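Below is one structure; the comments refer to it alone.
The values are calculated or read from the model by the stated rules, or taken from the named source; none is laboratory data. Model, not experiment: these values are computed from the prediction. Heads up, the Cβs are rebuilt from the backbone with ideal geometry, glycines too, and the neighbour counts pull from every protein chain shown. Accessible surface is based on the protein model in full, side chains and every heavy atom, while ligands, DNA and RNA are left aside. Shrake-Rupley method; radii C 1.70, N 1.55, O 1.52, S 1.80 Å.
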Amino acid sequence: DAGVIQSPRHEVTEMGQEVTLRCKPISGHNSLFWYRQTMMRGLELLIYFNNNVPIDDSGMPEDRFSAKMPNASFSTLKIQPSEPRDSAVYFCASTSREVNTEAFFGQGTRLTVV
Amino acid sequence: GDSVTQMEGPVTLSEEAFLTINCTYTATGYPSLFWYVQYPGEGLQLLLKATKADDKGSNKGFEATYRKETTSFHLEKGSVQVSDSAVYFCALSLYNQGGKLIFGQGTELSVKP
């Protein structure tokens, strides 16, 4: 397996534009997580899915953020409209819902909003 | 709520020095505990884990023991190398939360030759 695949690796956009981040989890994993990493706040869990269903989105900062998982092999995180304070590295991770299974992380998308 | 607290960095050591990074946790249930490592420009990789009290996780010369009585999971290595320079994250997960990981704030380690 190629691991968790995120795209794009880097994204630079202007304030007010829509941004869509993509994630392909490891085949067979049924839990998927979106994290945001910044210097100030560290790693924050934004949302996670079990079997494609959103379970906890309490970490989503504002209504400008939305996430979907239309099937077991694809998820998106959308920011509309984007703001400079959204600049961060966004990670996707997946795991199997078995006990104690480690989470595998993608390489992240570095988002810069100017 | 559930949380993880790590010692603050950055930590700067000379090659072959002994490393300890402290980690304590608060959890409503009985968590599994993890150490992840992040090299520059990369995602997080699992370094080691422990799933029950008194378990010792180990990998690449790193060790950590699950101490339920002190709610701790300190990371140690007897002799660090320059290649160990990275950010280290302590984390917990609870089975009834679908494998969700709760991370500490990370500790940056810099090893000088």
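Return the residues of the stretch B:49-61 that are part of a strand (DSSP E or B) and facing chain A (nearest Cβ under 10 Å); say none if nothing qualifies.
So the first thing to find is which residues in the stretch B:49-61 are part of a strand (DSSP E or B), and the list is B:49-50, B:56-59.
Listed by number, the residues that qualify are B:Lys49, B:Ala50.
What tally of residues in the stretch B:102-113 results from selecting those that are within 14 Å of chain A (Cβ to nearest Cβ), out of contact with any Asp or Glu (no Cβ under 8 Å at 6 or more places or on another chain) and open to solvent by 10 Å² or more (accessible area, probe 1.4 Å)? Before you say what the answer is, go through the steps one by one.
Step one: filter the stretch B:102-113 for residues within 14 Å of chain A (Cβ to nearest Cβ), giving B:102-108.
Of the ones still in play, those that are also out of contact with any Asp or Glu (no Cβ under 8 Å at 6 or more places or on another chain) are B:103-104, B:106, B:108.
The next check asks that each one be open to solvent by 10 Å² or more (accessible area, probe 1.4 Å); those that pass are B:103, B:106, B:108.
Number satisfying all stated conditions: 3.
Looking at the stretch B:49-77 only, could you name the residues that are under 18 Å from B:Met7 (Cα atoms) and not hydrophobic (A, V, I, L, M, F, W, C)?
Let us first name the residues in the stretch B:49-77 that are under 18 Å from B:Met7 (Cα atoms), namely B:62-67, B:70-77.
Scanning the stretch B:49-77 gives B:Glu63, B:Thr65, B:Tyr66, B:Arg67, B:Thr70, B:Thr71, B:Ser72, B:His74, B:Glu76, B:Lys77.
So which of B:Thr28, B:Thr70 is farther than 17 Å from A:Leu43 by Cβ, open to solvent by 30 Å² or more (accessible area, probe 1.4 Å) and modelled with pLDDT under 95?
After applying the criteria, what remains is B:Thr28.
Restricting to the stretch A:13-52, give me the number of residues that are out of contact with any Asp or Glu (no Cβ under 9 Å at 6 or more places or on another chain), open to solvent by 40 Å² or more (accessible area, probe 1.4 Å) and touching a residue at least 12 places away in the same chain (Cβ under 8 Å).
Residues flagged as out of contact with any Asp or Glu (no Cβ under 9 Å at 6 or more places or on another chain), open to solvent by 40 Å² or more (accessible area, probe 1.4 Å) and touching a residue at least 12 places away in the same chain (Cβ under 8 Å) within the stretch A:13-52 amount to 8.
Let me confirm something: among B:Asn59, B:Asn22, which residue is at pLDDT 95 or above, open to solvent by 20 Å² or more (accessible area, probe 1.4 Å) and more than 10 Å from the chain's Cα centre (by Cα)? Talk me through it step by step, then tell me what you get.
Working: B:Asn22 fails: more than 10 Å from the chain's Cα centre (by Cα).
After ruling out the rest, the residue left standing is B:Asn59.
Give the residues of the stretch A:86-103 that are at pLDDT below 95 and either touching a helix residue (DSSP H, G or I) at 6+ places or on another chain (Cβ under 9 Å) or more than 8 Å from chain B (Cβ to nearest Cβ) (or both), sorted by residue number.
Of everything in the stretch A:86-103, those that are at pLDDT below 95 and either touching a helix residue (DSSP H, G or I) at 6+ places or on another chain (Cβ under 9 Å) or more than 8 Å from chain B (Cβ to nearest Cβ) (or both) turn out to be A:Ser94, A:Arg97, A:Glu98, A:Val99, A:Asn100.
From B:Ala17, B:Ala64, grab the single residue that is assigned to a loop (DSSP other than H, G, I, E, B) and open to solvent by less than 50 Å² (accessible area, probe 1.4 Å).
Testing whether each residue is assigned to a loop (DSSP other than H, G, I, E, B) and open to solvent by less than 50 Å² (accessible area, probe 1.4 Å) leaves just B:Ala17.
Please go through the stretch A:18-53 and give me each residue that is polar (S, T, N, Q) and over 12 Å from A:Leu111 (Cα atoms), ordered by number. I'd like the intermediate steps shown before the answer.
Going residue by residue through the stretch A:18-53, those that are polar (S, T, N, Q) are A:20, A:27, A:30-31, A:37-38, A:50-52.
Correct list: A:Ser27, A:Asn30, A:Ser31, A:Asn50, A:Asn51, A:Asn52.
Inspect all residues belonging to the stretch A:78-88 and state whether any of them is out of contact with any Leu (no Cβ under 6 Å at 6 or more places or on another chain) and of a type in the set (Lys, Arg).
Checking the stretch A:78-88: at least one residue is out of contact with any Leu (no Cβ under 6 Å at 6 or more places or on another chain) and of a type in the set (Lys, Arg).
What number of residues in the stretch A:4-21 are part of a loop (DSSP other than H, G, I, E, B), under 15 Å from the mean Cα position of the chain (by Cα) and either within 10 Å of A:Val113 (Cα to Cα) or aliphatic (A, V, I, L, M) (or both)?
Qualifying residue count, the stretch A:4-21: 1.
Residue by residue through the stretch A:68-88, note down the ones that are free of Cβ contacts under 8 Å to residues at least 60 places away in the same chain, surrounded by fewer than 20 Cβ atoms within 10 Å (Cβ to Cβ) and closer than 20 Å to A:Lys24 by Cβ.
If we filter the stretch A:68-88 for residues that are free of Cβ contacts under 8 Å to residues at least 60 places away in the same chain, which is where we start, we get A:68-77, A:85, A:87-88.
Now restrict to residues that are surrounded by fewer than 20 Cβ atoms within 10 Å (Cβ to Cβ): A:68, A:70-74, A:76, A:85, A:87.
Scanning the stretch A:68-88 gives A:Lys68, A:Pro70, A:Asn71, A:Ala72, A:Ser73, A:Phe74, A:Thr76.
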